[in-house]
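Below is one structure, written out as structure tokens, with a few remarks after it.
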Amino acid sequence: MAWRFKASKYKNAAPIVPKAEACVREICVGSYQTYGNNIAASGAFMAFNWEHTGSSVAVLPLDDCGRKSKTMPLLHGHTDTVTDLKFSPFHDGLLATASQDCLVKIWHIPEKGLEQSLSDPEAIFSHKQRRVETVGFHPTADGLMYSTAAGCVALFDLSTQKEIFSNNEHPEVIQSASWREDGSVLATSCKDKCVRIFDPRAAGSPIQLTAESHQSIKDSRVVWLGNQQRILTTGFDAARLRQVIIRDVRNFSTPEKTLELDCSTGILMPLFDPDTNMLFLAGKGDTTINYLEITDKDPYLIEGLRHTGEQTKGACLVPKRALKVMEAEVNRVLQLTSNMVIPIMYQVPRKTYRDFHADLYPETTGYKTELVAGEWLNGSNQAVPKMSLDPAKREHGDEPIIPRLGPKPFSSTTGDVSFDKVFAVPLAPGSHENISNVGQDSGVEMTPAQGAKPDLIVEIEIKKKHEREPVVAGNGVQKSLTTSERRKSSADDDESSDKIFEQNSESSENSTEGEDRTDADLRRSCSSRSSFAERRRIYENRSKSQVDEKPQSPVPLRREHSKVEPLKPSQQQQQQGNVIDTKRISVPEGKLMEEHRRGNGAGLKKSATEAAFSAASTKRTSTVFGKVSKFRHLKGTPGHKSTHIENLRNLSRQIPGECNGFHANQERVAVPLSGPGGKIAIFELSRPGRLPDGVIPSLVNGSNIMDFQWDPFDAQRLAVACDDGIVKIWHIEAGGLSEPTNTPAGELTAHLDKIYFIRFHPLAADVLLTASYDMTIKLWDLRTMSEKCSLSGHTDQIFDFAWSPCGRLGATVCKDGKIRVYNPRKSETPIREGNGPVGTRGARITWALDGHYIVCTGFDKVSERQISVYNAQKLSAPLNTASLDVSPSILIPFYDEDSSTLFVTGKGDSTIYCYEITDEEPYICPLSHHRCTSLHQGLSFLTKNHCDVASVEFSKAYRLTNTTIEPLSFTVPRIKSELFQDDLFPPTRINWSATLSAEDWFASNDKAAPKVSLKPEGMETLSSIQQVPAQPIKKPDHPQFGGQKSEYEINKQQEIQKSVSARMEFTTKLEQDDMEGVDENEWQE
């Protein structure tokens, strides 16, 4: 029994908490319902969950301290909470993160840490719509990673980026996993109250041993006690008391030691050091961290000094090679709290700390191994060589052990790095080179042959230059440095480094509408763009009204009339022959000020003319530099009550979020009804009024409805997708439905699983697209009911698909946070890929500006609805993002390509938000929003040929409420409304009749949709009236009011009189003509 009185060297190890200045402070950490520790550490870095959602990860140097900004660089890689994260034991810069978005991502942290936020990981592994619970690395094989999702254990080889093992024999969710130190077997704890020994290399079933563990389904943890034959688990018993159990695998069914603690609700996170047998138990939500020492004989667990401090959100141990051995630090616990990371040093008291105490530091596991994943899987076992912590025996003496940050074990380092690639300078947007090379993209691009590959990062040390070059943002616009960045820049003048990423180019076949670019796009690349920032500063300083950034209360930009000189009569007559009305176009105020300083009227006239031609060359206007959108004051007007369809009943509330829930064409509308059978009611727009009580005639589909859509070229054909994977084609007879029917015109068995949505092609007849739960998209020929194309590449739920205006490309937005662009007839994989909305509630996507831009609606990390605009050729980051409000409904976009107006609204909203999409900053310009008197359940827009252009109606829609269907008209106020406003109604694309057949489209015989003018017959255009020169007016011979009026003032007055007269009704009938009076003969008497 003498061993009982043998004192341990670590018995009096005391926790030492540093001062607040030595901690990482003012961070944002939430409470996460995960099976991970929420923090991890390597020999160089620490990583922990960030913000309340936990979808981002903060990575800091291990010895970092002080206050942290909320704008610090982060890892934005997941769309949902990060459940677990671990560093590789052999590469301190290699981090694995697992998330509820069903993905595991691998990150490479630069040697200097994160200097900018990262969103593109080095590798991605998917668990196929199963939430990933834990992740980690093998202790002896380099490049071997494991992860668990539900009851599945999977192994991945990072060098080949492939899954090499998968097993689903666990009946419930795996809550924790731990490797033995030699890497031979794995211990798992499961929600079925059992603990198992798992050998992936075993023949037959990999589960070797199973034993009942903690008798509560709450969280449990397992850790292997080094290289011993014992494991330790923490959990809860049947009475919800926290337990610690030690088991010997040689007698697995019987616990060797059971320790019951308290009845707190937080799981105990076990942190074990195999070199010293020190065990730290940190409970989530606890303010104490227990220290125990594990022995191989009774009492097995010896309690040490307890630390009491802040409430714990997570905890981890620091690798032994990062400890301060000359201060007798035997272990360091990183405690994660709600706003701090506290490094707690456990120090063994000694008389002096001048010498290295070898008795406290046995040889520890090193960080170099020769074993790789393939060799281990084939049965090879090789222990990691031990290393000494004695500074005298290190390679660099007293200096800290140099961490291994690379090379990346899974990316090629033998790429062709040429001079042109290394010193490539990003092209300015709109330049001739950029227009000709529209395929170049700084985002993630994939070709069908090679798939996704990690970008080749080339780091170059560049000496100090005489003049520092301006910082260019991702979109090519010069970026102004903040104060902190300027200080850092001046401090790092002698030593600066640039990271240049090799750009992948693609063929012109995959370019978006590249051949449709006009001369206006080239004109924007003139040298005047170099003064962009200067013009903007001048305008903001001189303008009296500025645009409010919040779209809820937009403030229009108005010109200052005092700064616009009235044209002289000679100048007016000289410009009357011009086709463009320069008086309706504002001049940039920077040019106005310059001309005022010069006092040169001719120069002002020239500037105005140039501005007029520049505005005429592009039909998109914006609210920057004095230009005001023609649609700024658009007005939404509901139709008269006599045009409403009333007394709607039993509207369905169970339609999936991917479905808009309401569709209308020029003849009839389709509305889903509640109840079994998947009913869709069809209402004829030619028969408005109150619906009679009783049974509503409907289409009975027999299965739950997932999505439905009218054929854009046939107002009598409706396609309905059901949850059984079948698409039913209905033909509505003229006059509508008279009774319920369950016999469709045709059925298409599209998928074996549920269908997310369906989309008709915008130009080709009989071409239908379907997207399913199997994460595939298929294209069908409805004439033959046959499959023509299949698209892949999605790793999660597909939210939406949108065809480009040319009908050649398609864009999707997915739950994995990615936007993908496809060329369906050329490749089944995406040709471009970029980052989309981070929220997982839902998203929508559409094309804008002739297919050169993509607009995406979705949610951010805090569930705030937002609208983002992307360059269709550069999807790496949005050009601009506008935030709206916090609401659970998805913003459904409706884009009018002629006016470039974007209408967005959601189910249950009462406001229709209106924006103009432009090709220059800020890209999203708020217009006048329309607020309805009641909540709507859906909105559907008609084609352009059904707009009443005589009333300046540029868009028409139907709105579905709880009980009515109402028409809604969007107009623009104009004074001369009796004229055709040709500046508002350019020739429109014919999208109400098919441009080509399905056979021609699948054969790649593309044809552009023709355009037609909306001008009614016999209606004069506004431009033709403005071009007529004014008739000369004779001057009056007598003076008026102290002076003779100039010819300019007389002409101006006459124009005002004409405009006022045009608005007044002219009649020769007097009011008294309708009155009853005496006869005519009585007046003669």
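The values are calculated or read from the model by the stated rules, or taken from the named source; none is laboratory data. Worth saying up front: this structure is predicted, and the values here are computed from it rather than measured. Quick reminder, even Gly has a Cβ in these numbers, built from the backbone with ideal geometry, and neighbours come from all protein chains shown. Accessible surface areas use protein heavy atoms only, side chains included; no ligands, DNA or RNA. Shrake-Rupley method; radii C 1.70, N 1.55, O 1.52, S 1.80 Å.
Let me check something: with ligands and nucleic acids excluded, how do Asp860, Asp714 order by accessible area (1.4 Å probe), largest to smallest?
Of Asp860, Asp714, the descending order of accessible area is Asp714, Asp860.
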(message) How high is the relative contact order of the range 685-786? Use alpha-carbon pairs under 8 Å, at least six apart in sequence, and give a whole percent.
(response) 21
(request) Subtracting the Cα-Cα distance from 0.36 nm times the residue separation, let me have the gained length for Gln654 to Thr933 in nm, one decimal. (result) 98.0 nm
(request) Return the long-range amide H neighbours of Ile39 (sequence gap of 5 or more, or a different chain), with a cut-off of under 5 Å between placed amide H atoms. (result) Ala315
(request) Measure off 7 Å from each Cα along the Cα-to-Cβ vector at Asn339 and Glu169, then give the distance between these two points in nanometres to one decimal. (result) 5.0
(request) Obtain the nm distance between the two label points defined at Glu370 and Arg354 by a simple spin-label model: each point lies 7 Å from its Cα along the Cα-to-C-beta direction. (result) 4.2
(request) Please give the length that would be gained between Thr160 and Ala238 if that part of the chain were fully extended, namely 0.36 nm times their separation in residues minus their C-alpha to C-alpha distance (nm, one decimal). (result) 23.6 nm
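Kindly flag which residue pairs out of Lys162/Lys324; Lys105/Lys778; Lys19/Lys191; Lys284/Lys818 have an alpha-carbon separation exceeding 32 Å in this structure.
Listed pairs above 32 Å: Lys162/Lys324; Lys19/Lys191; Lys284/Lys818.
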(message) Rounded, prolate or oblate, given the Cα gyration tensor of the range 145-284, with a/c below 1.5 counting as rounded?
(response) prolate
(request) May I ask for the net charge around Glu256, where only other residues with Cβ less than 11 Å from the Cβ of Glu256 are counted and Lys, Arg are +1 while Asp, Glu are -1? (result) +2
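Based on the Cβ-Cβ distance from Ala7 to Glu864, what FRET efficiency comes out when R0 is 60 Å, to the nearest 0.05?
0.50
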(message) Please list, in order along the range 929-938, the HN-Hα scalar couplings obtained from phi with the Karplus expression 6.51 cos²θ - 1.76 cosθ + 1.60 (θ = phi - 60°), rounded to whole Hz, x for Gly and Pro.
(response) 7, 9, 10, 8, 7, 9, 6, 10, 9, x
(request) Quote the FRET efficiency, to the nearest 0.05, computed for Ile1056 versus Thr963 with a Förster distance R0 of 56 Å and r equal to the Cβ-Cβ distance. (result) 0.70
(request) Calculate one ³J(HN,Hα) per residue across the range 58-67 by plugging θ = phi - 60° into the Karplus curve 6.51 cos²θ - 1.76 cosθ + 1.60, and present them in order as whole Hz with x for glycine and proline. (result) 9, 10, 10, x, 4, 9, 6, 7, x, 6
(request) Before anything else, pin down the relative contact order of the range 914-956: Cα pairs under 8 Å, at least 6 apart, normalised by residue count, whole percent. (result) 24
(request) List every residue whose amide H lies under 5 Å from the amide H of Cys789, counting only residues 5 or more places away in sequence or on a different chain, with H placed 1.01 Å from N in the peptide plane. (result) Leu779
(request) Give the peptides 121-130, 290-299, 1047-1056 in descending order of average Cβ contacts within 10 Å, highest first. (result) 121-130, 290-299, 1047-1056
(request) Set the Förster distance to 25 Å, then compute FRET efficiency between Ser31 and Asp64 from the Cβ-Cβ distance, nearest 0.05. (result) 0.60
(message) Can you tally the net charge around Lys86? Count Lys and Arg as +1, Asp and Glu as -1, for every other residue whose Cβ sits under 14 Å from the Cβ of Lys86.
(response) -2
(request) Name the shape class, rounded, prolate or oblate, that the alpha-carbon gyration tensor gives for the range 15-59, where a ≥ b ≥ c are the square roots of its eigenvalues, rounded holds for a/c under 1.5, and otherwise prolate holds if a/b is larger than b/c and oblate otherwise. (result) prolate
(message) I need the phi-derived Karplus couplings for the range 992-1007: 6.51 cos²θ - 1.76 cosθ + 1.60, θ = phi - 60°, integer Hz, Gly and Pro marked x.
(response) 9, 9, 5, 8, 8, 8, 5, 4, 5, 5, 5, 8, 6, 8, 6, 8
(request) Given the peptides 638-644, 283-289, 891-897, 74-80, arrange them by the average over their residues of other C-beta atoms within 10 Å, most packed first. (result) 74-80, 891-897, 283-289, 638-644
(request) Starting from the Cα gyration tensor of the range 866-1020, take the square roots of the eigenvalues, sort them a ≥ b ≥ c, and report rounded, prolate or oblate (rounded when a/c is under 1.5, otherwise prolate if a/b is larger than b/c, else oblate). (result) rounded
(request) Using a 10 Å cut-off on Cβ atoms, rank the peptides 326-334, 97-105, 305-313 from the highest mean neighbour count down. (result) 97-105, 326-334, 305-313
(message) Using alpha carbons only, how many angstrom separate the centre of the range 966-1023 from the centre of the range 30-55?
(response) 54
(message) Taking loop as defined by DSSP and a crowding limit of 16 other beta carbons within 10 Å, which trypsin sites (Lys or Arg not before Pro) in the range 24-71 fit?
(response) Lys70
(request) Please give the contour-minus-distance gain from Asn1005 to Ile16: 0.36 nm per residue of separation, less the Cα-Cα distance, rounded to one decimal in nm. (result) 348.5 nm
(message) For Glu864, what residues show an amide H to amide H distance below 5 Å, using hydrogens built from the backbone and excluding near sequence neighbours?
(response) none
